[in-house]
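Please read the structure below before turning to the comments.
Every number in this text was worked out from the coordinates using simple rules, so none of it is lab data. Small disclaimer: the values here were computed from a predicted structure and weren't measured. Cβ: placed from backbone, ideal geometry, glycine included. Neighbour counts: every protein chain shown.
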Amino acid sequence: AVKGLQCNGSLPNGDKGRRKSRFALCRRNKANGVKPSTVHSSCTPQAAKAISNKEQHSISYTLSRAQTVVVEYTHDSNTDMFQIGRSTENPIDFVVTDTVPGGQSHADGQTVQSTISRFACRIICQRHPPYSARIYAAGFDSSKNIFLGEKAAKWRMQDGQMDGLTTNGVLVMHPRHGFSQDSKPGLWREISVCGNVFTLRETRSSQQRGKMVGDPCNELADGSLIDLCGATLLWRTAEGLAHTPTVKHLEALRQELNAGRPQCPVGFNTLAFPSLRRKDVPDEKQPWAYLRCGHVHGYHGWGGRRNPEVDAECQERECPMCRARGPYVPLWLGCEPGFYVDAEPPTHAFVPCGHVCSEKTTAYWSQIPLPHGTHTFHAACPFCIRPLSAESGCIRLIFQSPLD
């Protein structure tokens, strides 16, 4: 299964058709995989025929105005192909859009130029055990072609085959020790059009490729992260998901937390986490927390520095319990089970967004450097993709039990 980071259970506007927060890859009724076959030099009738034939998959590498190399791809009855990209054309199985921290749409309906490729990548899965899945940069368009223009990084390999990189690249990170409580981040690598693995370029769209590396390969593992420069996806295997908490389990943990009747230590009113389906506007029982110390309260409007020029959400508040100053935010449970590395109770919150999940889950995502923009990396909350505080990405929550 492929899951989009930032999607806390579903897309902000709901899951519709091929545009959804998670996408399950199942064996197709009929194999649609392809593999490279004949290589044609430019200007030959066979090259022109391969490009114009809408039943023939091909990749064109433009070396100069006078020279193009065309690689024909032939049907592979042993594999299924799934394509991911921004385009809504039929060849794309999973339509992805740019993620905006916090899950909002772009402010004021601005149309911001997307950095995600229309045909970003393709995943080729074996139809027979062990069902391995491999990722390749770029996807075939409606004419079954991939075009790498003059400006794209490309080269000829020793065996005569061509290879290249897409404009903003497809990056992959395989975690060490799988996707579990013991997981540690791996190194980000770039995947080529032919599935070879390289160290990162100096900048995301540099024409100079990184160094080729043999290990790791382009085979996706449980917990592998795929970055398309504007959206980051998490790959989960069927075996991995079998050990992941279910929505039912998360709901049971929520009810158990609420059954403890946590209280606001100031107003003494009982607090309760809202249902997993409700995750927009805080209600009167909503737990809030001071993220410098972790003390959980009900909402109150005092204790902040009155500065009308600062966004209310960013204003620091002083905790009435311990006088620590820091962000004061509503707490929301993380609803996407696929992001959890264990099934333990929700005891910790990400800082500064306030999404709550297990201790090991917050610890894991706090150490993952996610690509941001075209040249920087930072840790972010998987449920809303907001950058985490550099000081401390997560905090243990301190609940006040009823006095009776």
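For the reader, a short list of remarks on this structure follows.
- If a spin label sat at a point 7 angstrom from the Cα of His378 along the line to its beta carbon, the backbone N atoms of the range 337-368 nearer than 15 Å would be those of 351-354, 366-368.
- Rounded to the nearest 500, the helix-only mean residue ellipticity at 222 nm of the chain stands at -2500 deg cm²/dmol, with each DSSP H run of n ≥ 4 adding -39,500 (n - 2.57).
- Cross-link reach is defined here as a Cα-Cα straight distance under 19 Å, omitting same-chain residues fewer than 8 places apart; for Lys3 the lysines meeting it are Lys16, Lys20, Lys248, Lys279.
- Translational diffusion coefficient of the chain (Stokes-Einstein, Kirkwood radius from Cα pairs, 37 °C, 0.692 mPa s): 143 µm²/s.
- Solution diffusion estimate, µm²/s, Stokes-Einstein, the range 160-266, Kirkwood Rh from C-alpha pairs, 4 °C, viscosity 1.567 mPa s: 78 µm²/s
- Geometric descriptor of the range 247-396, per residue, is 121 Å³ (volume of the convex hull of the Cα atoms).
- Net charge in the neighbourhood of Asp141 (other residues with Cβ under 15 Å of its Cβ; Lys, Arg +1, Asp, Glu -1) is +2.
- Modelled label positions at Trp155 and Glu391, each set 7 Å beyond Cα in the direction of Cβ, lie 4.6 nm from each other.
- For the chain, relative contact order (Cα pairs under 8 Å, six or more residues apart, normalised by length) works out to 14 percent.
- Value of relative contact order over the range 2-239, rounded to a whole percent, pairs C-alpha under 8 Å and six or more apart: 18 percent
- Relative to the globular-protein estimate of 2.2 N^0.38 Å, the Cα radius of gyration of the range 2-239 stands at 1.02.
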